[in-house]
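The values are calculated or read from the model by the stated rules, or taken from the named source; none is laboratory data. None of the values given here were measured: they were computed from a predicted structure. Every residue, glycine among them, receives a Cβ derived from its backbone with ideal geometry; neighbour counts consider all protein chains shown.
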Amino acid sequence: MFTGLIEEVGTISKIEQKGSGLTLSIKCKNVMSDLSIDDSISVNGACQTVIAVHSEEFRVDSVRETLMKTTLGSLKVGDAINLERALQLSDRLGGHIVQGHVDCVGHVHEIKTVSGGGWELWITFPDQYKKYVVPVGSICINGVSLTVARIHNNTCMLAIIPHTLAVTTIGKLTVNAQVNIEFDILAKYVENMVALKQQTSSAYDSLMDQPNL
């Protein structure tokens, strides 16, 4: 479990093929203070398990399924990545509830620089996820907790403050760049509960419509 508040921007130092997956070596400093093998860590929004820790570097294995659903497979040595360690129960939940389970890959549609140095960042995502996006709702882009400002069809606008641009990789995005997107888990639970209730109601109605034997 994460909050979408990035602790550090790390760097991909090595990429190794491992069967149908990849082993990523990541160089960083701050998150290494208490990082251990088997810990969960968010790498550009994708929850990964630490398999090795060495001085200012740790390694994770990204399996084929993760590479298919995220942008991790397109990373190159030297690329900057957003890092966040798993949430502790004693921490403040400053962002929103983030699982690190990427739903889809979206694309940067447009970037507008606004007064004060911030951005209006427009992200396009597959049509089937429109139901999870609401104005002033939460969304996670490359591991960063952001707020939806506006929506147009399957594109949403995120108002990015200069601080976020400076301390995450969001400021390195360009038009057409791919991004990992995780939609709000609360919306998914609500959708599932409503669907199950409708199924139960339909089954009951069908039963009541049957003639008495």
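Residues to consider are 94, 106, 100, 73; find the one that is touching a residue at least 12 places away in the same chain (Cβ under 8 Å), at positive phi and either part of a loop (DSSP other than H, G, I, E, B) or not hydroxyl-bearing (Ser, Thr, Tyr) (or both).
Matching residue, one of 94, 106, 100, 73: 100.
Starting from region 34-60, keep only residues that are at positive phi, then list their pairs with residues that are surrounded by 12 or more Cβ atoms within 10 Å (Cβ to Cβ) and among the aliphatic types (A, V, I, L, M) whose Cβ atoms are within a distance under 7 Å, requiring at least 6 positions of separation or different chains.
38/50; 44/72; 44/81; 45/102
Out of 87, 93, I need the residue that is under 23 Å from residue 48 (Cβ atoms), touching a strand residue (DSSP E or B) at 6+ places or on another chain (Cβ under 8 Å) and at pLDDT below 95. Which one?
When all the criteria are applied, what remains is 87.
Can you tell me which of (1) touching a Lys or Arg at 6+ places or on another chain (Cβ under 6 Å); (2) loosely packed, with under 12 Cβ neighbours inside 10 Å is the one residue 92 doesn't meet?
Condition not satisfied by residue 92: (1).
Residues of region 18-49 being surrounded by fewer than 19 Cβ atoms within 10 Å (Cβ to Cβ) and part of a loop (DSSP other than H, G, I, E, B), which ones?
19, 20, 29, 34, 35, 36, 37, 38, 39
Is it the case that residue 15 is more than 20 Å from residue 102 (Cα to Cα), part of a loop (DSSP other than H, G, I, E, B) and β-branched (Val, Ile, Thr)?
no
Starting from region 5-22, take each residue that is more than 30 Å from residue 91 (Cα to Cα) and free of Cβ contacts under 8 Å to residues at least 12 places away in the same chain and list its partners that are part of a strand (DSSP E or B) and among the polar types (S, T, N, Q), counting only C-beta distances under 6 angstrom and pairs at least six apart or across chains.
Every condition considered, the pairs that remain are 16/23.
Return the total of residues in region 143-169 being part of a helix (DSSP H, G or I), of a type in the set (Ser, Thr, Tyr) and without any contact (Cβ under 8 Å) to a residue 24 or more places away in the chain.
1
The rows are residues; the columns are (1) acidic (Asp, Glu); (2) modelled with pLDDT of 95 or more; (3) surrounded by 19 or more Cβ atoms within 10 Å (Cβ to Cβ); (4) over 24 Å from residue 1 (Cα atoms).
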| position | (1), (2), (3), (4) |
| --- | --- |
| 112 | no, yes, no, yes |
| 145 | no, yes, yes, no |
| 158 | no, yes, yes, no |
| 164 | no, yes, yes, no |
| 189 | no, no, no, no |
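So residue 140 ticks every box in (1) part of a strand (DSSP E or B); (2) out of contact with any Gly (no Cβ under 9 Å at 6 or more places or on another chain); (3) closer than 19 Å to residue 4 by Cβ but one. Which box is left unticked?
(2)
Whether any residue in region 56-64 is of a type in the set (A, V, I, L, M, F, W, C) and closer than 24 Å to residue 133 by Cα is what I want to check.
No, every residue in region 56-64 fails to be of a type in the set (A, V, I, L, M, F, W, C) and closer than 24 Å to residue 133 by Cα.
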